[in-house]
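The values are calculated or read from the model by the stated rules, or taken from the named source; none is laboratory data. Bear in mind the structure is a predicted one, so any value in this text is a computation, not a measurement. With ideal geometry, Cβ positions are generated from the backbone for all residues, glycine too; neighbour counts draw on all protein chains shown. Please note that ligands, DNA and RNA were not included when accessible areas were found on the heavy atoms of the full protein model with its side chains. Shrake-Rupley method; radii C 1.70, N 1.55, O 1.52, S 1.80 Å.
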Amino acid sequence: MSKLADEAFRDSIGTIDNEGKRKFIYPKKPSGRFYKYRKWVSYFLLLILIANPFIKVNGNQFMLFNILERRFNIFGFPFWPQDFYLVVLFMIIGVVFVILFTVIFGRIFCGWICPQTIFLEMVFRRIEFWIEGDRGAQIRLAKQEWNAEKIRKKALKWAVFLLISFGIANVFLAYLIGSDTLIEIIGDNPVNHLKTLISLFIFTGVFYFIFVWFREQVCIIACPYGRLQGVLLDNKSINVAYDFVRGEKEAGRAKFNKKEDRTLTGKGDCIDCKQCVNVCPTGIDIRNGTQLECVNCTACIDECDTIMESVGLPKGLIRYASEDEIEKKTPFKFTARMKGYTAVLIVLTGMLTGLLFLRTDVEALILRLPGQLYQHKGENISNVFTYKIINKTNDDFKAIHFKLKGIKGYLKVVGNQTLKVPKQGMSSGTLFIEINKYLLESDKTKLKIEVYNGDKKIETTTTSFLSPRTFD
Ligand code: SF4
Ligand code: SF4
């Protein structure tokens, strides 16, 4: 093979043919040690993913991302728009965590944790194997005429895929609008919830399109994380890698010959069976080195191990290894870059933990009404304020009142009604504060105001009180 043909894989991606058309991948059914582990990890993660919106902590949904109402729960902690800095910090930690992991362990996230890979490889692909058979049978079925067998198998597969996509769309919706609301809607007349129903059908359509047709293209062309690999990985990152030193040796890879002693002929351990290529869900040849399309699914490790075992050679020709480990035989080292990322991660996690502990369940905000200064009321000076009380708890506040702290004065809520704040709700309004002018030490006095629910103090807040510079 010419050098140019050898390097041809660099010019195109594995799922596009020479005419630029989509090449549908029919991977071989994986089996082996890693596949078994991945199955268990996937079951566990699927369980968490599906159960998350139905778990409650202190009455709060464990995970909720209600974008429309701007309500978020993360690990059962309710986050309001006022807590958005915590959500941002949480996301930054997530990104740093994934980067750190990628620098050290390559795309381990893609192969083991990513919901796209889990759903595609562990749910949809397995149903496909069950209905249409292994790689060879699937290729034959795709090529054959539309006869009764093909119609039956395809119709069954698409029906099951549609059903599962509908199920995933429901779970997705439970994350967005809350599981209680979703259950309520399911039990009600669909006509009363047309918008939700349309969203549900759109989500179902998107998931169906992804898992029936778009598939590995999500990882190859749509996923931003996949695009970052080029800058995150280096020679020291651990990846699913082909040991080219052992596989090629001096004479290169060659077909297996029972009678031949490869140590004498100098041929590499790779017997060029191409099983690692056939099993690859992104259609690449890992022997060409680390590639953008590789999602580190480990299927080629399992497949090559089975081949090595059958020809009596040591396993691990394809394995988790860094390029330096393969080429220079250097053992894994915790590099300066890895140390740097770890330090950043520890600092950010510490900050988040601290902020979570400091965060209160109640927020009270009292601000002077914009454009208003002060009013003289006899010997008193009066200021008008707006207040906002946010109740992040799951208990209704039924009797809210305010008390001035450290200074004598008169505080009156406009309307004078008993203030109530519903659970997970907010209340706002206007209030007046009057203070005797001789008690004010400057033209801008800092006031401390305590907020009570019945007899229980729930928050202390501050505001500034304006008065003239001098009094007559
Ligand atoms: S499965 Fe192993 S032996 Fe077969 S082609 Fe791939 S690397 Fe070579
Ligand atoms: S090269 Fe191996 S690890 Fe990478 S996607 Fe293909 S089968 Fe999975």
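When each of 195, 154 is tested for being in the same structural domain as residue 122 (by TED's automatic domain parsing) and at pLDDT 95 or above, the lone residue that passes is 154.
For the condition within 37 Å of the chain's Cα centre (by Cα) and within 16 Å of ligand 2 (Cβ to nearest atom), residue 270 does not qualify.
Would you be able to tell me the number of residues in the stretch 299-334 that are near ligand 1 (Cβ under 9 Å from one of its atoms) and either small (Gly, Ala, Ser) or out of contact with any Asp or Glu (no Cβ under 8 Å at 6 or more places or on another chain) (or both)?
7
Those residues that are surrounded by fewer than 19 Cβ atoms within 10 Å (Cβ to Cβ) and either near ligand 1 (Cβ under 7 Å from one of its atoms) or not assigned by TED's automatic domain parsing to the domain that holds residue 314 (or both), I need them from the stretch 264-276; list them, please. Correct list: 272, 273, 274, 275.
The C-beta contact set for the stretch 60-72 (first residue within 9 Å of residue 176 (Cα to Cα) and among the hydrophobic types (A, V, I, L, M, F, W, C), second residue part of a loop (DSSP other than H, G, I, E, B) and modelled with pLDDT of 90 or more, distance under 7 angstrom, 6+ apart or interchain) comprises 64/178. Taking the condition farther than 27 Å from residue 62 by Cα and surrounded by 13 or more Cβ atoms within 10 Å (Cβ to Cβ), does residue 137 pass? Considered against the rule, which asks whether it is farther than 27 Å from residue 62 by Cα and surrounded by 13 or more Cβ atoms within 10 Å (Cβ to Cβ), residue 137 comes out as yes. Pairing each residue of the stretch 100-115 that is without any contact (Cβ under 8 Å) to a residue 60 or more places away in the chain and assigned by TED's automatic domain parsing to the domain that holds residue 46 with any residue that is of a type in the set (Phe, Trp, Tyr) and open to solvent by 40 Å² or more (accessible area, probe 1.4 Å), provided the two are 6+ apart or on different chains, yields C-beta distances under 7 Å for 101/109.
Residues of the stretch 424-456 that are in contact with an Asp or Glu (Cβ under 9 Å, 6 or more places away or on another chain) and surrounded by fewer than 13 Cβ atoms within 10 Å (Cβ to Cβ): 438 alone. Screening 328, 255, 259 for residues that are more than 16 Å from ligand 2 (Cβ to nearest atom), in contact (Cβ under 8 Å) with a residue 12 or more places away in the chain and either open to solvent by less than 40 Å² (accessible area, probe 1.4 Å) or over 23 Å from residue 225 (Cα atoms) (or both) leaves exactly one candidate, 255. Report, by residue number, each residue of the stretch 288-317 that is surrounded by fewer than 15 Cβ atoms within 10 Å (Cβ to Cβ), part of a loop (DSSP other than H, G, I, E, B) and on the phi < 0 side of the Ramachandran plot. Correct list: 311, 314.
When the stretch 12-27 is filtered for residues that are farther than 14 Å from residue 120 by Cα and modelled with pLDDT of 95 or more, nothing remains.
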